[in-house]
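What follows is one structure encoded as structure tokens, with my remarks underneath.
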Amino acid sequence: MQKETKKVLYSQIIKIIIMRKISSILFLMLFAFISCTETHDNVVISKNFTNHEWGRFEYLKGILDIKKAPQEYDIIMEIVVDDIYPNPYEAHQTECFLPFNLTIKNPDDNGKRSKDYRFMLKDKDGNWKAEEKNGLYTFKLPVIEEMTFSEKGTYNFVIENKYSKDPLYGIKSMTLKCIKSK
């Protein structure tokens, strides 16, 4: 009887050891999967425009929290437009650029970076520089590459529409992302 009890006890100990090893392996696999899928993308500003219109003085604002400095990010703007961009009037269809200003204020308002940008969305022949999908054109515009955020804290972002004819038509959405530089 004692031999059988020892055998049962021994087999239960083996099962516990095996279950712990399997649990550890599963935990490590889950941790590795989560680590590999981390993208380091930070959506700073995301806006869906009502009636596909962006008013001249409708400022878009957002923040980025930097917890560890210095860090380098690429700032990318994703924009979705339709066929009437930038204006429904035929005479304005040759103005196929996206003009905006991006201002980035450092933590504690101790400095800022501000610059006007102008991205061409059509080529010189009037053809879109993106593929059409369901009547919409999606662009990923490289605004700033390898920008160094040298201080910890909250950075404030402001995008200003610089299109001179109010409003800018045909703009469905805009997203500004900070993607960790490689």
**Request:** Say whether the condition of being in a loop (DSSP other than H, G, I, E, B) and either modelled with pLDDT under 95 or open to solvent by 90 Å² or more (accessible area, probe 1.4 Å) (or both) is met by at least one residue in the stretch 5-20.
**Result:** no
**Asked** For the stretch 41-77, which residues satisfy the criterion of being over 18 Å from Ile104 (Cβ atoms), touching a strand residue (DSSP E or B) at 6+ places or on another chain (Cβ under 9 Å) and either not basic (Lys, Arg) or not in a loop (DSSP other than H, G, I, E, B) (or both)?
**Response** Asn48, Phe49, Asn51, His52, Glu53, Trp54, Gly55, Phe57, Glu58
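Take the stretch 81-92 and flag every residue that is surrounded by fewer than 16 Cβ atoms within 10 Å (Cβ to Cβ) and either part of a loop (DSSP other than H, G, I, E, B) or modelled with pLDDT of 85 or more (or both).
Asp82, Asp83, Ile84, Pro88, Tyr89
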**Item:** strands (runs of 3 or more DSSP E) fully within the stretch 97-172 counting 2 or more residues that are at pLDDT 90 or above and exposed (fewer than 14 other Cβ atoms within 10 Å of the Cβ)
**Value:** 112-120, 136-149
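The values are calculated or read from the model by the stated rules, or taken from the named source; none is laboratory data. The model shown is predicted, which means the values in this text are computed figures rather than measured ones. Glycine gets a Cβ as well: all are built from the backbone with ideal geometry, and neighbour counts include every protein chain shown. The accessibility values were calculated without ligands, DNA or RNA, using every heavy atom of the protein model including side chains. Shrake-Rupley method; radii C 1.70, N 1.55, O 1.52, S 1.80 Å.
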